[in-house]
Amino acid sequence: MSLSPPSALPAEFIAPDLPELVEPRRKRGRLARFIIRHPTIFAGLVLIGLMLLIALFAPFLGTTDPTALAPARRLRPPSMQYWFGTDMLGRDIYSRVIYGTRVSLIVGFAVAFLAAITGLAIGLVAGFVRWSDAIIMRVMDGLMSIPPILLAIALIALTRGSVQNVVIAITISEIPRVARLIRGVVLGLRELPFIEAAIACGTRTPKLILRHVLPNTLAPLAVQATYICASAMITEAILSFIGAGTPPTIPSWGNIMAEGRALWQIKPSIVFFPAIFLSATVLGVNLLGDGLRDALDPRRALRP
């Protein structure tokens, strides 16, 4: 008597495919591998994210009004009520430093965005339209010959101290660097075979720039934007420190340090705390830029 083959298992005993469970695991695995390969990007994002949270929740994190004057409590040491102490006018240093995060991030991100967009447009035109190259680059060279701090001071002196004017002044000084970078990239791309093939096929210049040239400029532009963001934060702090930036009524790390320099010997914490926040923010942006440069460099991707 022959044995009959085993019958198929009922459907309820068969493990079903669960792509909705497998896919999140794959995503987490890819994210973990990306963090391991590029820890500087992760560290930079953590620092920047922390500063963004501080800026967003400044009204809840601050202990008192950062502009409230109280001469009776001037130069108080750090305590449970005033975590970083008070300044010469009795204002809470901790609250002023927390609100100063907003100014630095607004200036840094706004300058990076405006300079990147404007410099990208100028660089694309200068690199692809041959007759305009000499004219545009001579104007950019003239702007680059002026130190950014002096150019920003001159522009602010013609108007008045405000966050908007600081952003405009620093942006104008950063545009030539982006324009020269994009122009160099475009000049290299213009000689490649796929660009020559597109021109031979009759592709119009706007379509050629948008479809073939622009995507190849975004990687270096993103890296350059991070360095511009960090440089803009430092420039804003310098301008506020010398009294040419944001007005004293708006708390910023630069004017907080400027107010504390006269009391450096007896109360260095007035300068120390905003300097720590500024250094941590600039460090986070620079780490992000270094990580993006390594991740987007095709020569590093080819290495084992």
G161 fails exactly one of the following numbered conditions: (1) touching a residue at least 40 places away in the same chain (Cβ under 8 Å); (2) closer than 30 Å to G62 by Cα; (3) part of a helix (DSSP H, G or I). What is the number of that condition? (3)
Six or more apart or on different chains, Cβ under 6 Å: which pairs go from a residue in the stretch 238-262 that's assigned to a helix (DSSP H, G or I) to one that's of a type in the set (F, W, Y) and surrounded by fewer than 24 Cβ atoms within 10 Å (Cβ to Cβ)? Could you list them? G254/F241; M257/F241; A258/F241
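Can you tell which of I182, I170 is touching a helix residue (DSSP H, G or I) at 6+ places or on another chain (Cβ under 7 Å), farther than 30 Å from F277 by Cβ and in contact (Cβ under 8 Å) with a residue 24 or more places away in the chain?
I182
I'd like to know if the stretch 191-213 contains one or more residues that are at pLDDT 85 or above, in contact with a helix residue (DSSP H, G or I) (Cβ under 6 Å, 6 or more places away or on another chain) and buried (at least 17 other Cβ atoms within 10 Å of the Cβ). Outline the logic, then answer.
First pass over the stretch 191-213, keeping only residues at pLDDT 85 or above: none.
Checked the stretch 191-213: no residue is at pLDDT 85 or above, in contact with a helix residue (DSSP H, G or I) (Cβ under 6 Å, 6 or more places away or on another chain) and buried (at least 17 other Cβ atoms within 10 Å of the Cβ).
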Check I136, I106, I122 and return the single one that is out of contact with any Pro (no Cβ under 8 Å at 6 or more places or on another chain), more than 21 Å from V223 (Cα to Cα) and assigned to a helix (DSSP H, G or I). I136
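Please find, within the stretch 35-58, the residue that is farthest from S95 (Cα to Cα) out of those that are of a type in the set (V, I, T) and at pLDDT 90 or above.
As a first pass, look at the stretch 35-58 and keep what is of a type in the set (V, I, T): 35-36, 40-41, 46, 48, 54.
Pick out the ones that are also at pLDDT 90 or above and you get 46, 48, 54.
On the way: V46: 22, I48: 19, I54: 11 Å.
The selected residue is V46.
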Among the candidates V166, V186, residue that is over 23 Å from D141 (Cβ atoms) and at pLDDT 85 or above: V166
Odd one out for L75, checked against (1) among the aliphatic types (A, V, I, L, M); (2) closer than 23 Å to W264 by Cβ; (3) out of contact with any strand residue (DSSP E or B) (no Cβ under 8 Å at 6 or more places or on another chain): (3)
Top-ranked residue in the stretch 139-153 [being part of a helix (DSSP H, G or I) and touching a Ser or Thr at 6+ places or on another chain (Cβ under 8 Å); ranked as modelled with the highest pLDDT]: L143
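Given the criterion without any contact (Cβ under 8 Å) to a residue 12 or more places away in the chain, of a type outside the set (D, E) and either part of a helix (DSSP H, G or I) or surrounded by 23 or more Cβ atoms within 10 Å (Cβ to Cβ) (or both), identify the matching residue among F277, F272.
Working: F277 fails: without any contact (Cβ under 8 Å) to a residue 12 or more places away in the chain.
Just one listed residue meets the conditions, F272.
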What number of residues in the stretch 79-127 are surrounded by fewer than 21 Cβ atoms within 10 Å (Cβ to Cβ) and of a type in the set (A, V, I, L, M, F, W, C)? 14
Given the options I266, I156, name the one that is at pLDDT below 85, within 30 Å of I93 (Cβ to Cβ) and not in a helix (DSSP H, G or I). I266
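The values are calculated or read from the model by the stated rules, or taken from the named source; none is laboratory data. If you're wondering where the values come from, they're calculated on a predicted model, not measured in any experiment. Because the Cβ atoms are built from the backbone with ideal geometry, glycine has one as well, and the counts that use them run over all protein chains shown.
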